[in-house]
1. Only one of GLY81, GLY70 is out of contact with any helix residue (DSSP H, G or I) (no Cβ under 8 Å at 6 or more places or on another chain) and either open to solvent by less than 20 Å² (accessible area, probe 1.4 Å) or in a loop (DSSP other than H, G, I, E, B) (or both); which?
2. Looking at segment 370-416, which of its residues are in contact with a strand residue (DSSP E or B) (Cβ under 9 Å, 6 or more places away or on another chain), assigned to a helix (DSSP H, G or I) and of a type in the set (A, V, I, L, M, F, W, C)?
3. What are the pairs, 6+ residues apart or on separate chains, where a residue within segment 342-366 that is closer than 12 Å to VAL315 by Cβ and without any contact (Cβ under 8 Å) to a residue 60 or more places away in the chain has its Cβ under 6 Å from a residue that is assigned to a helix (DSSP H, G or I) and among the small types (Gly, Ala, Ser)?
4. Out of the residues in segment 226-255 meeting the condition of being open to solvent by less than 20 Å² (accessible area, probe 1.4 Å) and charged (D, E, K, R), tell me which one is nearest to CYS359 (Cα to Cα).
5. Just to be sure I understand, how many residues within segment 290-307 are in a loop (DSSP other than H, G, I, E, B) and in contact with a Lys or Arg (Cβ under 8 Å, 6 or more places away or on another chain)?
6. Test ALA277 against the criterion of being crowded, with 24+ Cβ neighbours inside 10 Å, assigned to a helix (DSSP H, G or I) and either touching a helix residue (DSSP H, G or I) at 6+ places or on another chain (Cβ under 6 Å) or β-branched (Val, Ile, Thr) (or both), and give yes or no.
7. From the list ILE221, ILE202, ILE191, exactly one residue is under 19 Å from LEU18 (Cβ atoms) and crowded, with 20+ Cβ neighbours inside 10 Å. Which is it?
Amino acid sequence: MLCKKVEKDFLDILEEELIPAMGCTEPIALAFAAAKAKEVLGDEPENIIAKCSGNIIKNVRCVNIPNSEGMTGIEAACVLGAICGDVSREMEVLEAVTPEGLRKSVEFIEKGNCEVVYLESPIPLHFIIRLEKNGENVEVEVRHSHTNITRISKNGETVFGKEDRGEMVAYSERGKLSVENIFEFANEVEISKIENFARRQIECNMAIAEKGMEGGYGIGIGKEMLEMNPESVFTKMKAFAAAGSEARMCGCNMPVIITSGSGNQGIASSVPVIVYAREKEIPEERMFRALAFSSLLTVFQKEYIGKLSAFCGAVSASCAAGAAITYIDGGTVEQIKDTIDNTLADIPGIICDGAKSSCAAKIASALDASIFAHVLAMKGKVYQANTGIIQSDAGKTIRSVGHIGKVGMKQTDSEIVKLMIEN
């Protein structure tokens, strides 16, 4: 039986991680910081300088920004945040964009008053936004997490600063995350304590998935996928998740409940679970518990990889979704672990080459692997320890994959960023 302290820790994690965000989280983080800088400056800027780490450049360059009529890129995110952003909305900062604000933002960019500078930093998620006007300036620095402001300075003097705790920016305690503890939590927690989290995921993430299924974004991957096999529940799971991602990457202004700082991870870890539960007419309470399980398992995996990496986060979230399907179907802890091992024996090599519309295809591929992993696990079939990187326990496998994603793929990440900057 899970102790009350661990239960509270896990509820705190869900409260901290399952938050709404409009659009891809990296450009929105830039917009948030720019809006904060404007608040401190007290006026709209004349010039903006955005110093961005490689992973920020990688994840902002290709995605459409919501409420921008198709604008993309670092300049657009920063200018929209500084001119139109409502900093109090945090990751929904661009909800306040008006036609007049959009017009002014376009003019600002066309004048060339926003400069982007590559920030040499060992921190994947790191950027500094500088606003200037009439000889005054404000800098806002963000490290490790999308809204984790570590420094604000005005005219060279620090007006806000806090200790850089490295990647330990979470307020919730995460040391007790394990497959076994997550399983016990999902089984034992009072449903009233997780219901609101689940309902937000269902409302927001299914809404954008359904919007994407209309086919008006990108290449309409979800709609095309479903037409290939419309009766298959597994195809529906992949199609709706991919459609939600594609809509989000292509500028849909509907909010997503994110997980581990990512809307795509939020979609991949929740939408397939919801679709499966609905198609199989699973009781609502069981679905709520499975969603909590999937969210916590995604966080557990990402704790070892970090917010940004060359390792595609769709793998972690889809692995969690597959394990949650095993949970829904009454699988034991061992079968859930087998689902995890089967998934991570298959697809840990998918690289993250930035946020863009084709993330939807990666989610579909990752879910295909995790669904098959679930089917194998329910039949008692699993890849054994020492098969490649598979370890003696799924928790150890997760940690090993995390080490590869965070440490082993650092050079891969650098080469991806270098290629993008050269182009």
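The values are calculated or read from the model by the stated rules, or taken from the named source; none is laboratory data. Nothing here was measured: the structure is a model prediction, and the numbers come from that model. Note that each Cβ is placed from the backbone with ideal geometry, even for glycine, and that neighbours are counted across all protein chains shown. Just so you know, the surface numbers come from the protein's heavy atoms only, side chains and all, with ligands and any DNA or RNA stripped out. Shrake-Rupley method; radii C 1.70, N 1.55, O 1.52, S 1.80 Å.
1. Numbers: GLY81 fails: out of contact with any helix residue (DSSP H, G or I) (no Cβ under 8 Å at 6 or more places or on another chain).
Just a single option satisfies the conditions, and that option is GLY70.
2. Of everything in segment 370-416, those that are in contact with a strand residue (DSSP E or B) (Cβ under 9 Å, 6 or more places away or on another chain), assigned to a helix (DSSP H, G or I) and of a type in the set (A, V, I, L, M, F, W, C) turn out to be VAL401, ILE404, ILE416.
3. THR343/GLY322; THR343/ALA369; THR343/SER370; THR343/ALA373; ASP346/ALA369; ILE347/ALA366; ILE347/ALA369; LYS362/ALA314
4. Among those residues, the one meeting the criterion is GLU246.
5. Here is the first cut: in segment 290-307, the residues in a loop (DSSP other than H, G, I, E, B) are 306-307.
Those left that are additionally in contact with a Lys or Arg (Cβ under 8 Å, 6 or more places away or on another chain): 306.
So the count comes out to 1.
6. Working: crowded, with 24+ Cβ neighbours inside 10 Å: no; assigned to a helix (DSSP H, G or I): yes; either touching a helix residue (DSSP H, G or I) at 6+ places or on another chain (Cβ under 6 Å) or β-branched (Val, Ile, Thr) (or both): yes.
No, not satisfied.
7. Details: ILE221 fails: under 19 Å from LEU18 (Cβ atoms); ILE191 fails: crowded, with 20+ Cβ neighbours inside 10 Å.
After ruling out the rest, the residue left standing is ILE202.
This table checks each residue for (1) farther than 24 Å from ASN423 by Cβ; (2) hydroxyl-bearing (Ser, Thr, Tyr); (3) at pLDDT below 95; (4) crowded, with 17+ Cβ neighbours inside 10 Å.
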residue: CYS62; (1), (2), (3), (4): no, no, yes, yes
residue: PRO99; (1), (2), (3), (4): yes, no, yes, no
residue: HIS126; (1), (2), (3), (4): no, no, no, yes
residue: HIS144; (1), (2), (3), (4): yes, no, yes, yes
